[in-house]
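Report on the structure given below.
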Amino acid sequence: MFDFRPADDCPKPEAYRQLHEAADALTAGEPDGVANMANIAALLWDFLPDVNWTGFYRMVEGELVLGPFMGRPACIRIPLGKGVCGVAATDAATQLVKDVHAFPGHIACDSVTNSELVVPVLRDGDVVAVIDLDSPSKARFDEEDRAGIERLAEIISDRI
Ligand code: SME
């Protein structure tokens, strides 16, 4: 099947370019959103070093509901405005959290998580899902990760 992992010394922008190409190739022409989210979660898991959770929460009837992911079992429903994911969905804005323990209302699904990046997926101006990445390291994610995952969200927004 698909074997994907950038070289260890690959600069992040180039690595994300490869990720975008792979995400596009994996989801192009496939109408099933669950299948596409599952493959993207697995791709992120393969691609990103130092993460303990990669996946989706979907907007369902006014709350976030767990979608396809890699990692440990997680909280199933997150109300809008609650936790990092709920704030990202309510504000339609990326949350780059260097220390989750300093984030008011952070929802601890896994006690090993120390930093988090949550990017909303928008379709026609509405938040339809969020991409959630968790890491056991503090400050694991930076502005290059933010840009890379925001671009990923654009690529898949009408495929999930
Ligand atoms: N920590 C998230 C909850 C989801 S888990 O990390 C998978 C939050 O605060 O929204």
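The values are calculated or read from the model by the stated rules, or taken from the named source; none is laboratory data. Not measured: the values here are computed from a predicted model. Neighbour counts are summed over all protein chains in view; Cβ atoms, including those assigned to glycine, are modelled from backbone coordinates with ideal geometry. In case anyone asks, the SASA skips ligands and DNA or RNA and just uses the protein heavy atoms, side chains included. Shrake-Rupley method; radii C 1.70, N 1.55, O 1.52, S 1.80 Å.
Taking the alpha-carbon set of segment 76-143, what are its Rg and Dmax in Å?
Both quantities, over Cα of segment 76-143: 11.5, 36 Å.
Dipole magnitude of the chain about its Cα centre, charges +1 at Lys/Arg Cβ and -1 at Asp/Glu Cβ only, in debye to the nearest 20?
420 debye
Per residue and in cubic angstrom, what volume does the convex hull of the Cα atoms of the chain have?
In the chain, the Cα convex hull volume per residue is 104 Å³.
Using a cut-off of 14 Å between beta-carbons, work out the net charge of the residues near residue 139 (Lys and Arg +1, Asp and Glu -1, residue 139 not included).
-4
Report the relative contact order of segment 15-160, percent, no decimals, based on alpha-carbon pairs under 8 angstrom and at least 6 residues apart.
Value for segment 15-160: 25 percent.
Leaving out ligands and nucleic acids, and using a 1.4 Å probe, what accessible area per residue does segment 80-153 come to in Å²?
Normalised by residue count, the accessible surface of segment 80-153 is 42 Å².
How much of the accessible area of the chain, probe 1.4 Å, is carbon plus sulfur, in whole percent?
On the chain, the fraction of accessible area on carbon and sulfur atoms equals 51 percent.
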